[in-house]
Amino acid sequence: MAACQNGGYPDPDWLELGSTFRVTFHSHPDTDYSDTDVPTNVPVNVPVNERQQWFLNQLNAGENIKSTDLASHWNVSEKTAKRDIAYLTKQ
């Protein structure tokens with residue numbers, strides 16, 4: 001307790017739980033833990049990767065392209081290609 005008080009921290013909370021106990025230490029009162037810098041979701045303007053950009057370019061050019069085309073062009077698994085496309089559809 002003295003160490004907390006000497007450091008300017010609030011006293012910890014003690015909770016007896018039968019034959020055990022729980023101690024909760026609290027943050028320093030001068031510490032700001034506001035949520036202003038914490039994103040609530042993935043940022044909207046996260047850039048697409050090179051495969052995804054290629055896929056979008058093919059679509060913009062009027063190509064009828066599938067996940068198998070993306071996978072073979074970039075030498076990746078079809079699962080990776082589908083994940084790339086799924087990411088784009090969520091954006």
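The values are calculated or read from the model by the stated rules, or taken from the named source; none is laboratory data. Computed from a predicted model, the values in this text were never measured in an experiment. Note that each Cβ is placed from the backbone with ideal geometry, even for glycine, and that neighbours are counted across all protein chains shown.
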Filtering segment 73-91 down to residues that are over 17 Å from residue 53 (Cβ atoms) and hydroxyl-bearing (Ser, Thr, Tyr) yields 77
If we keep only residues of segment 53-71 that are polar (S, T, N, Q) and in a helix (DSSP H, G or I), then the residue surrounded by the fewest Cβ atoms within 10 Å (Cβ to Cβ) is 60
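Inside segment 16-27, can you point out the residues that are loosely packed, with under 10 Cβ neighbours inside 10 Å and either modelled with pLDDT under 85 or over 34 Å from the mean Cα position of the chain (by Cα) (or both)? Before you say what the answer is, go through the steps one by one.
Taking segment 16-27 and keeping what is loosely packed, with under 10 Cβ neighbours inside 10 Å, we get 16-21, 23-24.
Scanning segment 16-27 gives 16, 17, 18, 19, 20, 21.
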